[in-house]
Structure formats: structure tokens, C-alpha cells
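Asks: Can you keep this structure in mind? I'll have questions shortly.
Each value in this text was obtained by applying a stated rule to the coordinates, not by laboratory testing. Since the structure is predicted, the reported quantities are computational estimates derived from the model, not experimental observations. Positions of Cβ are generated from backbone atoms using ideal geometry, with glycine treated the same way; all protein chains shown enter the neighbour counts.
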2 protein chains.
Amino acid sequence: MSSITNREILLVSRPKGMPTHDNFKMIETPLREIADGEMLVRTLYLSVDPYMRGRMNDQKSYVPPYKLDEVIVGGVVGEVTESKHPNFAVGDKVVGYLGWAEYNITKGEGVHKIPPYAPITTALGVLGMPGLTAYFGLLDIGQPKEGETVVVSGAAGAVGTVVGQIAKIKGCRVVGIAGTEEKCSYLRDELGFDAVIDYKAVTDIKAALEEACPNGVDIYFDNVGGDITDAVLRLINHKARIALCGQIALYNQEKPEVGPRVLPQILINSALLKGFIVSDYAKQFPEGMKQLGQWVVEGKLKYRENIVEGFDNTVEAFLGLFRGENIGKQLVKVAE
Amino acid sequence: MSSITNREILLVSRPKGMPTHDNFKMIETPLREIADGEMLVRTLYLSVDPYMRGRMNDQKSYVPPYKLDEVIVGGVVGEVTESKHPNFAVGDKVVGYLGWAEYNITKGEGVHKIPPYAPITTALGVLGMPGLTAYFGLLDIGQPKEGETVVVSGAAGAVGTVVGQIAKIKGCRVVGIAGTEEKCSYLRDELGFDAVIDYKAVTDIKAALEEACPNGVDIYFDNVGGDITDAVLRLINHKARIALCGQIALYNQEKPEVGPRVLPQILINSALLKGFIVSDYAKQFPEGMKQLGQWVVEGKLKYRENIVEGFDNTVEAFLGLFRGENIGKQLVKVAE
């Protein structure tokens, strides 16, 4: 295999604010031979996710920062093309946290075979990290009850679309907040959201929320933070639950932003606010994947993927996340 | 009894910012006769509490606002001086939510006889609402484990002193934040806090906290909000728990304050933040009172009361809460 030249994407400088192409560098390296216990995985699809922005800062966070001049690691679906690993054979389709690279050599830590009942790309989306994030955040923190009102921000993203649909399955009124009419139509017409708010089109987000949530907000699943979250928190009900999943509105700010203090709203409503990362629920992943898979097979849980073609376009696809370009899961197709 | 003239304190205007004497009015009214099922309670002690400030605003909160030109209702310890109520006899010492008045006529709703094992004033403090607030907020939300670091703001108040001592009983490192050297000495020397921070004396609250919390903050019991809370939240550990009990720093602000956004800190630490009011735990009050009483009897739970003499000084005692004058529970002694 030493005749293969691999391509990898490194983080070469830490973004100040919005990342740019200059923060990344693609290099070509010859692939070494695999050793006993290793396998070679050819990347078919790789995942770009908003949380990866946080790892590009040199600061304590829920996952350690990326190191400079090292390959960026994220969700990858690939095919085993060589194996000296006892549990994986050539031809296996696998998913794991691997490098932004055309090939990865791995000992298989955190790499799993993809179950056969859905397309392999779902292992990075509805049946992968984003789906599980939605599942555990909504059900464990949100504890939705029939008839309650659930608001989800970043509703058209890989996580938000699953949150809204699970909330519908649980009999809730679901209100989605997203940033284009196309996204809002998709949520309303294809996924069955009860109300949608195009936050870029409305002049008064709080008034729009009041109209969409005549009974207030019982559960808020927050992917975005910032002004949108400020508005939602003003409408929470007694004993509301807020699942804090992401703050994409704040990820690219160079300095911590100020905003209205929100703790008084949490206090006077005896509300619960819980930050989480999907790995908090690692022990329950099999249960979550089984249920999500069942809903997908039954047609109760739909998903959309936004696929960019070509490894060369990986960085551009990542940057697009912060321009709000994707509906559903953003993927890069690297090979057939 | 119609020969008795009662004195009552009414809320006559809603405070803008810090309350003043002009917001209150004392009136004299002749007492009517009690009817069947009623009793007459002579006030011995009444309680002034920070949460009452919130009820003086005309806004949705965890308790309904006081109505203008009506008597202010709060915690009262009194003696039954006349009774046509089947469950209460003349001479009974009782505690309940009653008017800021020398006498109250009541049907006994929410009024309880005071158990005999501690002074009657404790029914308004360590064995009453503030003690139960500390007990349930710390134990249910905080879930303290041995060796963890607990920070409590407003540490020298009626709630904070109990929080810190229970945290010590549970084997935690306890750091108290208070506003005078006298308060800090009391917490450190008499109550056994491991470290104290006089937030008015330090120039850099975050640096002081870092020194006092070398292992970070696992539990934060917040009574004050504002800048102090901003600083504590920057030091929370993974899976920290924040019991949101009060925000006294913000109660008297005319406009909602802005501050650094705190949700990112909650998110990246998978932290839990929960607002609560003691009545959320009403069903468990007997359990809490029993345990608190046992700790008091055993000498494990100490308390201090700051007693102002005379019903005329009630409003002044209330205003003093916001000047940080009290150590422990602030009470007004109305009669022997």
C-alpha cells in the first residue's frame, strides 16, 4: 500500500472569529504499511459539524482542542480496504472518529461496523451522533409530555430536524426556528412541525414566538444561543426544561458576548437548564440507535442530507455550516 | 376583642429599583370578631425575606405579586389568643404566611403548630423556609458528594449559612462569598467554612475564587446573581450543578441588566442549572424539617438571628436586607 498517496487536512492556525480557508492546509503523504491490529479505512463520507468549531480554539471545552498542524478528526464513514485487525474484514463499512483524510489507519478504537438496515450515510446523521444528540437531549433532559410545547432552534439542522420529529412522535406541539423560507417550508410541510419561524424574516422574534406558542414554552432545545435564545427564555413556563446542545450563534465571536441576564427567568420559573454532549449518554447509545432505526424504518423519522462532492470541498462545506446553508446533515462525499 | 386596634403594613406603591419607606403605609384598624373556624393570632416575630421584593413588582414570578393597598404577607410566628378553630387552642405557638400586622385572623390555611424542640424563632429560619430552601436546593439539585467543592453566595444569610453547614456535613470543601469581614469571620471561625471571600474587599473576585477553589467548583448555590455569579460560572467543573435560589443583586434593578452570556459555560461543562422555590418541595417538608431539627439538636447545624425590635421597624428591617446588614436570619420582634 505504500504506493498510495494520502491527502489529509490539517489545522494550521486557530480561527479568530469566523474560520477561513487559511486556517487549514491540505497535505499529501505516502501511506505507511498497516501493522498487526490495525486496518486501513478508505473514507467514503465525512461529516462536518458545528461542534468542531469549538475544538479549533485553544481553550477548555467538552472535547479537547485540536492540535495545530495535526489532522482534524471528525465523524467518518469508510470502507475497510486492508485489515490486520481481528474484528474487521476488508469490505466492512465502518463509522468512527477519524481524520479528515482520504485514508485512515486505525486500531479500531471507537470504530463500529454500520448496521445494514439504512444507507451508510445515516451513520453520520439520523442514526449517528446528531440523531443520538437529539434523542437523548430531548428525551432525557426535555422529558416531553403529550400536549406540551417544544421549541427547537437550529431546527433545520441535523440535530434539530430529529428533535422536532421525536417531539411530534411524543405528541407535543413543535415550533421550529430556522433561517430561510426553504428550511421553514421543509419543517412545516415535510416534517410536520406545527409552526415555524424564519428568524431572518421576522422583525420581532419574541412576538413571532408568542404567536407560535400560545401556551408558552415547556421545552426548549437550543442549538444556537444568542438573541434567539434570549427571546425563547422570556416565554418559558413554570418547570420548563432547556436542553442546551449548541450555541452556534456564539461560536465565531472573538470576545464573549454580553446579553440580557437569563438566570432570573430560570429562577422564577423553577426551570431546568442542562448542558450536554452526546457522549454523556455513551452507555445508552445502543438503545438510542435501536429506537431511531426503528422510527426510520417505520417512516416516522425522516431525514435529509446535504452532500457536497469531493474531498477538496471539505473545508468549504464546514464553513457553510456557519452561513446556515445546510438543511439536514451536511456531509462530504469523498469516494464511491 | 373589638376593643383591640390592629396595626398593619400595606404596600401602597410599587418600588422602582430600591424600595423606600414611601412604598409602604401603616394603618390602624379595629379588629373584628372571629367567626367559627377562625382564630386570632398575635404576632410575636415576623420575617423579612429577599424574595418578598419580587412580589412587590407587578410581574409574573414564582409567587403572585402583592396587590396594592393590601397588607403584605410573609412568614409570621405568633400565639393563638382566641380560637373558634377545631385544631388550634389559645396559647398555641404557630407559624404561617400571614400579614405584616400585629394581629391576624386566619382559618388556619398554611398555619402550623411549632414543634417544641427549638426556640419558636427557628420556625422562620433554620427550621423554616430558609432552612428548607437550603436543604432541598443543596441536596436535591446539588447532589453533593464527599470531597467536592461547594461555593455559596450570600453565604452569611439565612439560607447561605445552612447551605454551607450541610455541605460540610456531607464532607465537601465549602467556600462562602459574603460582603463584610464580620460575616466572613463568622462563616470561617464559627461555622467551619473552608474558605471565605469578602467580595467587597477583593479587587479580583475570579482570582480570589481560583485561590479558594483549587479543584474548581462542583456545586454552586446562588443567592445573589450578577458579577459574583459570572465569576463563579467561569470556574465550574465538568457536570457541575448550580442551584439557583436567589438573585438579590438584580432584584432592585429597574431594567434587566446585561452581562456576559453564561450558557456557553453551562454547555461546555455539561452542567446543570436549576431554578427552584422551596414550595417545589412541599411534599418533602416533613422529612427536611426532621433532619434539620436533628442536626440543630445535635449541634451540627448552628444558626444566628438578627432581631430588630418593634413592629414599627419592620420596613426598615426589610430594607436592610438589600444593604447586606444581616448575618443569619433577619427577624422583627413584635411582641413577647
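Asks: Given Cβ point charges of +1 (Lys, Arg) and -1 (Asp, Glu) and nothing else, what value in debye, to the nearest 20, does the dipole of segment A:246-336 about its Cα centre take? Can you show the working numbers first?
Replies: Details: 11 positive and 11 negative charges, 97 e Å.
Here segment A:246-336 has a charge dipole of around 460 debye.
Asks: Quick check: convex hull over the Cα atoms of chain B, volume per residue in Å³, rounded to an integer? Could the numbers behind the result be given before it?
Replies: Working: hull volume 44.1 nm³, N = 336.
Looking at chain B, the number lands at 131 Å³ per residue.
Asks: What relative contact order, as a whole-number percentage, does chain B give when Cα pairs under 8 Å and 6 or more residues apart are counted?
Replies: On the way: 726 pairs, mean separation 58.7, N = 336.
Dividing the mean separation by the residue count of chain B yields 17 percent.
Asks: Amide H neighbours of residue A:328 under 5 Å, counting only residues 5+ apart in sequence or on other chains, H built in-plane at 1.01 Å?
Replies: Amide H neighbours of residue A:328, under 5 Å, 5+ apart: A:157, A:158.
Asks: Got a sec? Charge dipole of the protein assembly as shown, +1 on Cβ for Lys and Arg, -1 for Asp and Glu; which of A:83, B:330, A:152 is way out at the positive end?
Replies: A:83
Asks: So what's the angle, to the nearest 10 degrees on a 0 to 90 scale, between helix A:160-169 and the longest Cα principal axis of chain A?
Replies: That helix lies at roughly 60 degrees to the long axis.
Asks: For q = 0.15 Å⁻¹, what log10 I(q)/I(0) does segment B:1-124 give under the Debye formula with an equal point scatterer on each alpha carbon and no solvent?
Replies: After summing over all Cα pairs, the log10 values are -0.73.
Asks: On a C-alpha basis, how far is the centre of segment B:275-336 from the centre of segment B:153-169 in Å? Whole number, if you could?
Replies: So the two Cα centres are separated by 12 Å.
Asks: Same structure, new question: Distances over 18 Å make up what percent of all Cα-Cα pairs in segment A:89-132?
Replies: Numbers: 255 of 946 pairs.
That fraction is 27 percent.
Asks: Hey, how much of the P(r) for the protein assembly as shown falls beyond 37 Å, as a percent of Cα pairs? Mind showing how you got there, number by number?
Replies: Values: 104723 of 225456 pairs.
Percent of Cα pairs beyond 37 Å in the protein assembly as shown: 46.
Asks: For residue A:241, which sequence-distant residues (separation of 5 or more, or a different chain) have an amide H within less than 5 Å of its own amide H, given hydrogens modelled in the peptide plane?
Replies: Those qualifying (amide H under 5 Å, at least 5 residues apart or on another chain) are A:219, A:220, A:272.
Asks: Next question. Provide the descending list of Cα extents for segment B:90-242 along its principal axes, expressed in whole angstroms.
Replies: So the extents along the principal axes, rounded to whole Å, are 56, 30, 27.
Asks: Taking the label point as lying 7 angstrom from Cα along the Cα-to-Cβ axis, what are the distances from residue B:110 to the corresponding position in the remaining copies, in ascending order and in nanometres?
Replies: 5.3
Asks: In whole Hz, what ³J(HN,Hα) sequence does segment B:72-86 give by Karplus (6.51, -1.76, 1.60; θ = phi - 60°), x for Gly and Pro?
Replies: Those phi angles translate into 6, 10, x, x, 9, 10, x, 10, 6, 10, 8, 8, 10, 9, x Hz.
Asks: Largest first and in whole Å, give the semi-axes of segment B:201-258's equivalent ellipsoid, each being the square root of 5 times a Cα gyration tensor eigenvalue.
Replies: 21, 15, 8
Asks: While we're here: Can you list the aspartates and glutamates whose alpha carbon sits under 13 Å from that of residue A:67, skipping same-chain ones fewer than 8 residues off?
Replies: A:58
Asks: Also, quick follow-up: One decimal, nm, shortest first: give the distances between the label point of residue B:290 and those of the same position in the other copies, each label point 7 Å from Cα along Cα→Cβ.
Replies: Copy-to-copy label distances for residue B:290: 3.9 nm.
Asks: Which of the aspartates and glutamates could be linked to residue B:168 by a straight reach, that is with a Cα gap under 13 Å, when you skip same-chain ones fewer than 8 residues away?
Replies: List returned: B:146, B:148, B:190, B:194.
Asks: Under 5 Å between amide H atoms, partner at least 5 residues away or on a different chain: which partners does residue A:259 have, H built in plane at 1.01 Å?
Replies: For residue A:259, the qualifying residues are B:259, B:261.
Asks: Let's see if you can work this out: charge +1 on each Lys and Arg Cβ, -1 on each Asp and Glu Cβ, no other charges. What is the dipole magnitude of the protein assembly as shown about its Cα centre, in debye to the nearest 20? Before the final figure, lay out the partial values.
Replies: Values: 72 positive and 84 negative charges, 137 e Å.
So the magnitude is around 660 debye.
Asks: Angle between the Cα long axis of helix A:285-297 and the longest principal axis of chain A, 0 to 90 degrees, nearest 10?
Replies: For helix A:285-297, the angle is close to 80 degrees.
Asks: Dipole of segment A:134-214, Cα-centred, from +1 at each Lys and Arg C-beta and -1 at each Asp and Glu C-beta, to the nearest 20 debye? The partial results should precede the final answer.
Replies: On the way: 8 positive and 12 negative charges, 40 e Å.
Charge dipole, segment A:134-214, about its Cα centre: 200 debye, nearest 20.
Asks: HN-Hα J couplings of segment A:271-284 from phi, Karplus 6.51/-1.76/1.60, θ = phi - 60°, integer Hz, Gly and Pro as x?
Replies: So the Karplus estimates, Gly and Pro as x, are 8, 10, 10, 9, x, 7, 9, 4, 5, 4, 10, 3, 5, 9 Hz.
Asks: Which percentage, to the nearest 5, of the DSSP beta bridges contained in the protein assembly as shown is antiparallel?
Replies: Values: 72 of 126 bridges.
Percent antiparallel among DSSP bridges in the protein assembly as shown is about 55.
Asks: Per DSSP helix of 4 or more residues, -39500 (n - 2.57); summed, then divided by the residues of chain A. What does that give at 222 nm, rounded to the nearest 500?
Replies: Taking each H run of at least 4 residues, the total per residue is -5500 deg cm²/dmol.
Asks: For segment A:233-238, in order, what is each residue's ³J(HN,Hα) by Karplus, 6.51 cos²θ - 1.76 cosθ + 1.60 with θ = phi - 60°, in whole Hz (x at glycine and Pro)?
Replies: Listing the rounded values in order: 5, 6, 10, 6, 8, 3 Hz.
Asks: Measuring from a point 7 Å out along Cα→Cβ, what nm distances, shortest first, does residue A:93 have to its partners in the other copies?
Replies: Computed spacing set for this position: 7.6 nm.
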